[in-house]
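Enquirer: Dumping the structure here so I can ask a few things about it.
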Amino acid sequence: MTTSIAFIGLGHMGGPMAINLAKAGHAVTGFDLSQAALDAVAGHDILIAGSAAEAVATADVVITMLPAGRHVIGAYSPSGDDLGLLAYARPGTLFIDSSTIAVDDARTAHDLAVAAGHRAMDAPVSGGTVGAEAGTLAFMVGGSSEDFAAAEPILQVMGKRIVHCGGSGLGQAAKVCNNLILGISMIGVSEAFVLGEKLGLEHQALYDVASNASGQCWALTTNCPVPGPVPTSPANRDYQPGFAGALMAKDLGLAAQAFESTGVDALIGKLANEIYQRFAEGAGANADFSGIINDIRERSEAQGAA
Ligand code: NAD
């Protein structure tokens, strides 16, 4: 069935996601503030709207893929002469926000949409630009069961694993909790390799033991931070490309915000956030997040020399 979809935010992720929806036969109208983003989707059967208002006016579904919570809430809400997406959409439109934003912001966006007479879900993704292009993203969805049933066939075009995590905001909650595990485990694996080096233990020997023992995890067996044991990991390509340090810093920043709002005393999570914020201030911003091992090694050398 063809659905009329407005896609707002055609950047690195949104562009290929919108292209996949158009390829699947949906009537996609796109809008982005950046001309470069609009140029990147040209020639893919996406109708480019002159404004966000025009993009959503006849849509059944509005998907947003924007940088942060303030952009989503800002796009939904009035500002000056612009009445915001919620005012321009027809009543009962299904709003799906796939941006990665704070749980509290997702709930605010949901409440604004519902107060304006619409339906709303948070549906952040993992899988990066490679998954966006291949249509193999994982979607973590928060919202009612009825809205999930309506959204699922559309999300299936862009992803291969769609999980309904519960009510409003719980898609974002699942994403932030998963990436908290990922950030902490990458630091743990990297510290173990650097300690092994100092103790004279070969990378491969540590890998052969830990990958078959209780140290086994994705950070070790898929995204191994040292070159060699897992030939496809970014470490074998000088940490390029991959899951950027800046995005891990963003996600751990959202986790820190959630620790604050819930009162969870996550000592390691808070430290992991500090470690990745520092990493993303320098060259780590664009390198795969497993490059954190180089920071740990450099700090260890500096301490050894002191
Ligand atoms: P991006 O910066 O490439 O794209 C965002 C786009 O939104 C830009 O083109 C920008 O011009 C546009 N935009 C901003 N405000 C707008 C508005 N009011 N109206 C219309 N367009 C507007 O970012 P991205 O890499 O595509 O990421 C988008 C979201 O997905 C982020 O929340 C990010 O954290 C999340 N995410 C990214 C990745 C990744 O690998 N890049 C992976 C998972 C999740």
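The values are calculated or read from the model by the stated rules, or taken from the named source; none is laboratory data. Remember, it's a predicted structure, so these values are computed and weren't measured experimentally. Here the Cβ positions follow ideal geometry from the backbone for every residue, glycine too, while neighbour counts run over all protein chains shown.
For (1) of a type in the set (Val, Ile, Thr); (2) part of a helix (DSSP H, G or I); (3) within 12 Å of the ligand (Cβ to nearest atom); (4) not assigned by TED's automatic domain parsing to the domain that holds Gly117, each residue gets a yes or a no:
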| residue | (1), (2), (3), (4) |
| --- | --- |
| Gly30 | no, no, yes, no |
| Leu38 | no, yes, yes, no |
| Gly43 | no, no, no, no |
| Leu47 | no, no, no, no |
| Ala55 | no, yes, yes, no |
| Ala59 | no, no, no, no |
| Val62 | yes, no, yes, no |
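Enquirer: Can you go through Asp32, Asp82, Asp60 and tell me which one is charged (D, E, K, R), over 20 Å from Glu133 (Cα atoms) and touching a strand residue (DSSP E or B) at 6+ places or on another chain (Cβ under 8 Å)?
Expert: Selected residue: Asp60, the only one of Asp32, Asp82, Asp60 that is charged (D, E, K, R), over 20 Å from Glu133 (Cα atoms) and touching a strand residue (DSSP E or B) at 6+ places or on another chain (Cβ under 8 Å).
Enquirer: Now a separate question. Can you pull out the residues in the stretch 279-306 that are of a type outside the set (Asp, Glu) and over 23 Å from Arg237 (Cβ atoms)?
Expert: Listed by number, the residues that qualify are Arg299, Ser300, Ala302, Gln303, Gly304, Ala305, Ala306.
Enquirer: Residues of the stretch 64-84 being near the ligand (Cβ under 8 Å from one of its atoms) and surrounded by fewer than 22 Cβ atoms within 10 Å (Cβ to Cβ), which ones?
Expert: Residues satisfying the conditions are Pro67, Ala68, His71, Gly74.
Enquirer: In this structure, is Ile19 under 20 Å from the mean Cα position of the chain (by Cα), more than 21 Å from Ala113 (Cβ to Cβ) and surrounded by 22 or more Cβ atoms within 10 Å (Cβ to Cβ)?
Expert: yes
Enquirer: Of the residues Val226, Val189, only one is touching a residue at least 12 places away in the same chain (Cβ under 8 Å), buried (at least 21 other Cβ atoms within 10 Å of the Cβ), assigned by TED's automatic domain parsing to the domain that holds Ala266 and in a helix (DSSP H, G or I); which?
Expert: Result: Val189 is the single residue among Val226, Val189 that is touching a residue at least 12 places away in the same chain (Cβ under 8 Å), buried (at least 21 other Cβ atoms within 10 Å of the Cβ), assigned by TED's automatic domain parsing to the domain that holds Ala266 and in a helix (DSSP H, G or I).
Enquirer: To continue, here is another question. Could you list all residues from the stretch 156-169 that are buried (at least 22 other Cβ atoms within 10 Å of the Cβ) and part of a helix (DSSP H, G or I)?
Expert: Met158
Enquirer: Moving to a separate point now. Scan the stretch 77-91 residue by residue and report those that are part of a loop (DSSP other than H, G, I, E, B) and among the hydroxyl-bearing types (Ser, Thr, Tyr).
Expert: Listed by number, the list holds a single entry, Ser77.
Enquirer: Of everything in the stretch 54-81, what is of a type in the set (A, V, I, L, M, F, W, C) and within 27 Å of Gly169 (Cβ to Cβ)? Give them in sequence order.
Expert: Passing the criteria: Ala55, Val56, Ala59, Val61, Val62, Ile63, Met65, Leu66, Ala68, Val72, Ile73, Ala75.
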